[in-house]
Amino acid sequence: MDHKDGPAQNRVKALKRAGELKDSIRGYLEARENIETGFNLQEQHQKNKERIKNHFGATEEEWQDWHWQIKNRIYDQEELCLFLNLSQQEKNEIKEIGTRYRWAVSPYYLSLIDPDNPDCPVRKQAIPTIEELTDELGQLDPMAEEETSPAPAVTRRYPDRLIINVTNQCAMYCRHCQRRRNIGEEDVGAPREEILEALKYVRENEEIRDVLLTGGDAFMLSNEQIDWLLTELGEIPHVEMKRLGTRVLVTMPMRVDDELCSILEKHDAVYVNTQFNHPKEITEQSRLACKKLAKAGIPLGNQAVLLRDINNNPHVMKKLNQELLKISVKPYYIFHSKRVKGTSHFRTPVEDGLEIMEHLRGQTSGLAIPTFIINAPKGCGKTPMLPEYLVSMTSGTIFIRNWEKKIFQYINPRS
Ligand code: SF4
């Protein structure tokens, strides 16, 4: 006969278990106190913003206008040092890097940087450092994008979905950008003929049910262009969903204007993915932009990139994901950064990502847990870091299995 405890014993057990659970989260609660978010830095951001506005003689109305933000991006080291403390050597290095890789930062994103802290995680994503030029490990095109483009502006790596690269423009040129080969040398949208060719390719291939518009940043297109593209795709019977890839929610949230929201609202099955990498990027203004999109019925997902000394820390990543949920953004992926030339200093060992996932699982809401992804070399697909996909692991090299059950060697950066 089963022996069941009575209510009193059950309560004792439950209290004991609750005590254990409380103890297990204590470390995070303590660490969390020291992780800054954009919400608790509002005063500093406001001060920075006023300084930048004064420099440009800008009104609040102009600051809130995304065209003004784009027009007044900072891309000169002399101007930059009016807002950040830079040594002469740093200025020289930024100048030198600028001759090889483009850099530009929106006044809004600049206002999020701590001017006195060279280790500020926002600064590291925006301001060039000399490691970009001394990178011996990175490759120009590790994803072999040139080999996965069956039509102009199209990247196709999967059976039922593809990417249309609609522009190479971004509000800011992120230092860790995985697509920097194509991004921003000049600010141009893909020519209309290319987009028409891409749409023709989608039309002629009935298995394509999911189209991602990205670049660059899809929200750098005008509202009219976005409306036109979504209309064209909406008229293709086999296209079931449209996704837009944008980082403006992080780098220039004023881009999300009322007109854009009403355009997105009128199209069916539109999804937006963005890239917040640190809780300091989550501000009141980004919250408002996400809220407007959510009100327009647009599901929002976050694709963070695992970045050394920015977010390769379980507590920081947990805080980031929890803050994202507060602004209606679902943490979707954490990408292990690719071997892109000029960005190797941002790469971390794969183990850092695995440790983060271990730290999240069970420790926080399922909704706050993204999937940790390695992009298999040569564009062979996103590979989740789950036991069935991780074939073997030694320091320096791992073997992974992709969705087609092909095995790849993947170079694991050292710690
Ligand atoms: S917004 Fe995206 S595409 Fe543009 S520079 Fe940043 S990471 Fe690259």
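Among Lys341/Lys382; Lys124/Lys280; Lys53/Lys91, which pairs are too far apart, with a Cα-Cα distance over 18 Å?
From the list (Lys341/Lys382; Lys124/Lys280; Lys53/Lys91), the Cα-Cα distance tops 18 Å for Lys341/Lys382; Lys53/Lys91.
Can you sort Ile127, Ile298 from fewest to most other Cβ atoms within 10 Å of each residue's own Cβ?
Ile298, Ile127
Step by step: find N for the stretch 321-414, compute 2.2 N^0.38 Å, then divide the Cα radius of gyration by it. What's the final number?
Numbers: Rg = 13.9 Å, N = 94, 2.2 N^0.38 = 12.4 Å.
With N residues counted in the stretch 321-414, Rg over 2.2 N^0.38 Å equals 1.13.
Return the whole-Å distance between the Cα centroid of the stretch 317-393 and the Cα centroid of the stretch 92-162.
That distance is 19 Å.
Cut-off is 10 Å between beta-carbons; in what order do Ile25, Ile94 appear when sorted fewest neighbours first?
Ile25, Ile94
Per DSSP H run of n ≥ 4, the term is -39500 (n - 2.57); total these for the chain, divide by its residue number, and report the mean residue ellipticity at 222 nm rounded to 500 deg cm²/dmol.
Value at 222 nm, helices only: -11000 deg cm²/dmol.
Could you list the square roots of 5 times each eigenvalue of the Cα gyration tensor of the stretch 145-382, that is, the equivalent ellipsoid semi-axes, sorted largest first and rounded to whole Å?
Each semi-axis is √(5λ); the values are 28, 21, 17 Å.
Where the only charges are on Cβ atoms (+1 Lys, Arg; -1 Asp, Glu), what is the dipole of the chain about its Cα centre, to the nearest 20 debye?
On the way: 57 positive and 62 negative charges, 298 e Å.
Once rounded to the nearest 20, the dipole reads 1420 debye.
Return the percentage of antiparallel bridges among DSSP beta bridges fully within the chain, rounded to the nearest 5 %.
35
For Cα pairs less than 8 Å apart in space and 6+ apart in sequence, what is the mean separation divided by the residue count of the stretch 145-382, i.e. the relative contact order in percent?
16
Taking only C-alpha pairs under 8 Å that are 6+ residues apart, what is the relative contact order of the stretch 39-128 in percent?
Across the stretch 39-128, relative contact order equals 33 percent.
Show me the three semi-axes of the equivalent ellipsoid for the chain, from the C-alpha gyration tensor (sqrt of 5 times each eigenvalue), largest first, rounded to whole Å. Display every interim value, and only then the final one.
On the way: eigenvalues 226, 164, 119 Å².
The answer is 34, 29, 24 Å, longest axis first.
No solvent, one uniform scatterer per C-alpha: report log10 I(q)/I(0) for the stretch 39-128 via the Debye equation at q = 0.25 1/Å, two decimals.
Evaluating at q = 0.25 Å⁻¹ gives log10 I(q)/I(0) of -1.41.
Computed from the coordinates by the stated procedures, all read-outs in this text should not be read as laboratory data. Everything numeric in this text was worked out from a predicted model, so none of it was measured. Methodologically, a virtual Cβ is constructed for each residue, glycine included, from the backbone with ideal geometry; neighbour enumeration extends over all protein chains shown.
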